[in-house]
1. Restricting to Cα pairs below 8 Å that are 6+ residues apart, what does the relative contact order work out to for the chain? Please round to a whole percent.
2. Which three lengths, in whole Å and largest first, does the stretch 121-162 cover when its Cα atoms are put on their principal axes?
3. Mind listing the phi-derived Karplus ³J(HN,Hα) values for the stretch 182-198, rounded to whole Hz, using 6.51, -1.76 and 1.60 with θ = phi - 60°, and x for any glycine or proline?
4. For Ile106, list long-range residues whose amide hydrogen, built 1.01 Å from N in the peptide plane, is under 5 Å from its own amide hydrogen.
5. Based on Cα coordinates alone, diagonalise the gyration tensor for the stretch 1-54, multiply each eigenvalue by 5, take square roots, and list the semi-axes in whole Å, largest first.
6. Could you run the Karplus curve 6.51 cos²θ - 1.76 cosθ + 1.60 with θ = phi - 60° over the stretch 113-121 and give me ³J(HN,Hα) per residue in whole Hz, x for Gly and Pro?
7. Please list 3J(HN,Hα) in residue order for the stretch 22-33, calculated via the Karplus relation 6.51 cos²θ - 1.76 cosθ + 1.60 where θ = phi - 60°; whole Hz, with x for glycine and proline.
8. Using a cut-off of 14 Å between beta-carbons, work out the net charge of the residues near Tyr50 (Lys and Arg +1, Asp and Glu -1, Tyr50 not included).
Amino acid sequence: MAYLTSWRIRPALVIIDLQNSFISPRGSFDKLGYDISKYQRIVPVIQKTYKKAKSLKISVFFSKAIREKSGVDMLDRLHKILPRKRRERIEKLPICVRNTWDSEIIDDLKPRSDDLIVEKRRDSIFQDTEFELWLKSLRVDTLIFTGVDTSICVESSLRDAFNKGWDVILLADATASLDDRFYETTLAEVKENFGLVIKSGEFFSNLERIGANYFLLKTD
């Protein structure tokens, strides 16, 4: 196989919002009537991706969407103009309230003791969190994105990463949107403007360790 492109990278895996609220039956999204089956289908892929990253000693970050019970951090405290679906969610059933089962990471993908968990109150994992500081401390230069929702929290985080100077990779089979149109749009936008879109199996098959924390990634 002839490789046309290769990069020397020091990566970290980012798993966005794999929480009961979004993924599990009886979680908030299920109670609100959303079809969560697309989210659920990527769980086995992310499990495999996580295990492979751990075997390669690649740092792993989990994000958790968090809301306070008091509602002090709710979007409607700041915004008058909110899309209907977001306002309906706020009014009907606040999601991911701190210290509830709903906010916890799913049992099928529990973080290990050496993983880092970033609690976020907005779509991007960078917004008002310690994430950027931790990345710099670990000298990570490339972020591998997985999780939900592709077009909201994953895309917001990926765009922020790119604009802050990190290289970005989106694993196409390890992310999902409720609406396939938005999923496809995000993949197209990332390919065109931000970074690499690749399936998880292809990513790892093209990854070669070249140092303690560095890898060579080859694509054609």
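Quick note: the coordinates plus some simple rules give every number you see, no bench work behind them. All values reported here derive from a predicted model rather than from experimental measurement. All Cβ positions, glycine included, derive from the backbone under ideal geometry; neighbour counts span all protein chains shown.
1. Details: 383 pairs, mean separation 64.0, N = 220.
Contact order relative to length: 29 percent.
2. Principal-axis extents of the Cα atoms in the stretch 121-162, largest first: 28, 20, 15 Å.
3. My calculation for the stretch 182-198 gives 6, 4, 5, 5, 4, 4, 5, 5, 5, 4, 7, 10, 10, x, 10, 10, 7 Hz in order.
4. Close amide H contacts, sequence-distant or interchain: Gln19, Asn20.
5. Result for the stretch 1-54: semi-axes of 32, 12, 10 Å.
6. Result, ordered by residue: 5, 9, 7, 10, 10, 10, 8, 10, 10 Hz.
7. 9, 9, 8, x, 6, x, 4, 5, 5, 5, 7, x
8. Once all neighbours under 14 Å are counted, the net charge is +2.
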